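To keep things clear, I will list the structure first and then write my remarks on it.
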Amino acid sequence: MSKNPLELYGAWVAETPAAWPEDALDWAHREFVDLVAVMIPGAAEPASQYAFNAVQDWGQGPCAVAGQRKRLSAPWAALVNGTAGHALDFDDNFDPPKAHATTVLAPAILALAEQENLSGAACLDAYIVGLQIMGRVGQGVNPTHRNRGWHATATVGVIGAAAACARLLKLDAAASATALSAATSMSAGFMSQFGTMMKPVHAGLAAKGGIMAAGFAQAGITAGMETLDGRTGMNRLMVGPDYEALRDTITHVEHGQNLRYELDSIGAPLLITEHKFRVKRFPTCGAIHRAMDGMLDLRARHGFTAADVASVDLHMPRVHFNNVMYTDPQDPLQAKFSAEYAVGCVLARGDCTLADFRPDAVMRADVRSLFPIIHRHPVDKLEGEFPTEVHVTLKDGRQLKAVVDMPLGSKKAPFSWAQYWSKFDACCDGVLSDRDTRDLRLALERMPSLPNIGDLMRHVVLPFAQVA
């Protein structure tokens with residue numbers, strides 16, 4: 001008899017002991033810090049404000065919303081906070097599902113845990129569980145699912161969020177499987193939304209959907225057991241009718257993405273420690289970070305400025321260029337998905353920060369004048385097969401080259417705790433007062449030992465722009 005992934009994943013969610021290694025708990029703690037950090041300025045972004053305005057009258061409740069006095073029911077709080085966490089595209093990436101994992105998982109977990117008066121330790125446990133299932137489902141449909149234009153943060157993220165919420169609610173194996181199945185009915189999101197406000201809303205929708213799926217299962221709603229792997233399962237519908245042919249001809253596997261759901265060893269290796277994260281150094285699409293690192297390395301080693309450069313040639317996997325599709329961005333959202341703006345920014349300004357995505361900064365000539373000399377050279381290989389190459393030709397004739405296989409902040413060069421807190425401080429600067437920043441940091445530091453996660457969340461509801 002064939003194994004059913006929903007039933008096996010549901011049993012793993014329900015029955016795996018919360019006996020995680022210390023490094024797994026430490027990484028989970030780090031990513032909550034990173035998500036809350038980027039959520040603070042993200043909450044002031046138009047997409048977050050509009051999302052709050054849309055849902056604020058649809059259900060008040062006990063759950064905190066970043067930057068807002070009004071509290072909402074758990075699904076709506078998760079939607080707004082997930083949107084805020086992704087609004088600046090400054091949140092982490094997780095390779096197995098090719099998704100922004102934490103901006104889906106953390107808002108869902110924090111809202112439901114606040115509703116249920118659960119502890120910080122329960123949140124870390126649910127995060128590790130949800131991340132594992134998100135990764136396993138992502139490996140089962142990727143790389144093709146993502147490469148064909150599905151936004152995995154939304155499509156796969158909602159299933160991971162459902163797993164995390166089922167864990168928080170202590171659903172049994174059957175109910176957990178039902179929650180995962182229910183989540184597939186809320187799995188949606190296209191990459192054609194990149195560069196618009198709907199892109200971050202995808203993360204919020206996935207967080208909301210995870211809470212709803214677990215709640216449906218807890219309430220007794222039934223769901224099919226073939227929605228991951230069946231005649232009309234996720235793999236065949238959201239990969240394509242050539243799913244089997246693709247699966248059987250894979251010769252190069254990255255991040256465990258082999259178009260097969262791992263069923264024999266669901267929890268080993270533990271993906272949070274095996275793959276870690278790509279924590280963002282820059283508030284842009286992660287697909288361009290290798291090129292940005294390469295450009296900054298060349299500037300530092302050779303001491304040139306933008307005025308010295310005749311041309312820049314970017315040799316990158318085509319799938320990376322697909323993510324940064326705007327060659328002439330007209331607003332901050334488009335600029336976050338522009339190879340020309342990202343590389344031009346670090347060439348002209350020596351860095352790329354939140355301030356570089358203000359409307360006036362995006363339109364400045366110092367960067368835009370460089371667009372014509374930045375050239376794209378797509379390579380039809382996956383990122384693990386071909387590192388990004390940055391070729392710089394100087395006006396004096398010198399030709400320089402940087403080769404970058406993994407960006408700073410990734411498993412190869414992870415951030416230290418000090419770098420996490422430096423990013424936290426930079427995100428809070430100009431948004432929260434020094435005192436409120438300090439209080440939020442203290443709560444985040446204590447998160448693993450907090451008896452009630454509400455002791456953390458009360459620090460995110462402060463109305464912003466009250467800096468002393």
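The values are calculated or read from the model by the stated rules, or taken from the named source; none is laboratory data. For clarity, every value in this text was computed on a predicted model and none was experimentally measured. All Cβ positions, even for glycine, are placed from backbone atoms using ideal geometry, and neighbour counts span all protein chains on display. Note: areas computed on protein heavy atoms with side chains; ligands, DNA, RNA excluded. Shrake-Rupley method; radii C 1.70, N 1.55, O 1.52, S 1.80 Å.
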*Right, ALA47: buried (at least 22 other Cβ atoms within 10 Å of the Cβ), touching a Ser or Thr at 6+ places or on another chain (Cβ under 8 Å), in a helix (DSSP H, G or I) and touching a residue at least 24 places away in the same chain (Cβ under 8 Å) or not?*
yes
*Counting just the residues of the range 231-240 that are surrounded by fewer than 19 Cβ atoms within 10 Å (Cβ to Cβ) and under 28 Å from the mean Cα position of the chain (by Cα), which one comes out nearest to GLU262 (Cα to Cα)?*
ARG236
*asked:* Which of the numbered conditions does LEU271 fail, given that it passes all the others? Conditions: (1) over 30 Å from LEU354 (Cβ atoms); (2) surrounded by 16 or more Cβ atoms within 10 Å (Cβ to Cβ).
replied: (1)
*In the set PRO332, PRO241, PRO269, which member is at pLDDT below 95 and out of contact with any Leu (no Cβ under 8 Å at 6 or more places or on another chain)?*
PRO241
*Unique residue being modelled with pLDDT of 95 or more, surrounded by 24 or more Cβ atoms within 10 Å (Cβ to Cβ), farther than 25 Å from LEU259 by Cα and not basic (Lys, Arg) when the list is ALA111, ALA122*: ALA111
*Restricting attention to the range 297-325, report how many residues are open to solvent by less than 20 Å² (accessible area, probe 1.4 Å) and either closer than 12 Å to GLU383 by Cβ or part of a helix (DSSP H, G or I) (or both).*
6
*So which residues in the range 205-224 are free of Cβ contacts under 8 Å to residues at least 60 places away in the same chain, among the hydrophobic types (A, V, I, L, M, F, W, C) and either within 12 Å of ALA164 (Cα to Cα) or assigned to a loop (DSSP other than H, G, I, E, B) (or both), if there are any at all?*
ALA213, ILE221, ALA223
*Could you tell me which of the residues LYS423, LYS401 is surrounded by 19 or more Cβ atoms within 10 Å (Cβ to Cβ), of a type in the set (Lys, Arg) and not in a loop (DSSP other than H, G, I, E, B)?*
LYS423
*Return the residue satisfying two criteria in turn: it lies in the range 336-364 and is more than 23 Å from GLY303 (Cβ to Cβ) and among the small types (Gly, Ala, Ser), and of such residues it is most open to solvent (accessible area, probe 1.4 Å).*
ALA355
